[in-house]
Amino acid sequence: MQSLSYHKDLLRILELSLLVAIPTCLACMFTVLQVDATSAELRPILRVLLAVTFLTFGAAVHLVGEYASAMEGRKAPLTFRVSLSVDETKRCLRWCLRFLRWAMLLAIATALTSILATAVWRLDKQFVQSALFGQFSGLCTLLLIGLPVLASASRMPGTYLDNFAPDTVSDDISGR
């Protein structure tokens, strides 16, 4: 069985779907803030974004597991390490375009905005709007986290095992 990082066409399609889903999600977030939108109006968009999030974030998590397994010299991600170091994370994302790396910071900002907006939500707004804003911002956060991982994996030559097996990684980055 081939690893997910081998399927570059699939990874590119997932990356492109993220590049469409993220602005859509941000637009829906701001629509909920500006207009009295009901859940019935935005429910179809929310369902599509939820499906895209499940596909893309699941693939991103699998790719990180594949990367961690390659760093440890295993072929399949049977178990996951507790964490990756900052250097290992940078090495995992080294093929990602620079401006897409900022998606991680935007994800943190979106998550903080969601927390602050729901914490200080004005009492004259309906609960439905608060819940919709929270749902869209949560999905947007997950989409933004997955974007650099998928972008890097789609541009990487070969698989993680080809690039990050313990015999191909220098000692100063792997920490061994």
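Structure summary
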{"read-out": "Ser5 out of contact with any Cys (no Cβ under 6 Å at 6 or more places or on another chain), in a helix (DSSP H, G or I), modelled with pLDDT under 90 and buried (at least 16 other Cβ atoms within 10 Å of the Cβ)", "value": "yes"}
{"read-out": "Cβ-Cβ under 6 Å pairs, at least 6 apart or on other chains, segment 23-34 side within 9 Å of Phe136 (Cβ to Cβ), far side among the hydroxyl-bearing types (Ser, Thr, Tyr) and surrounded by 12 or more Cβ atoms within 10 Å (Cβ to Cβ)", "value": "Met29/Ser137"}
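The values are calculated or read from the model by the stated rules, or taken from the named source; none is laboratory data. Quick caveat, the model's predicted, so the values are computed rather than measured. Virtual Cβ from ideal backbone geometry, glycine too; neighbours counted across all protein chains shown.
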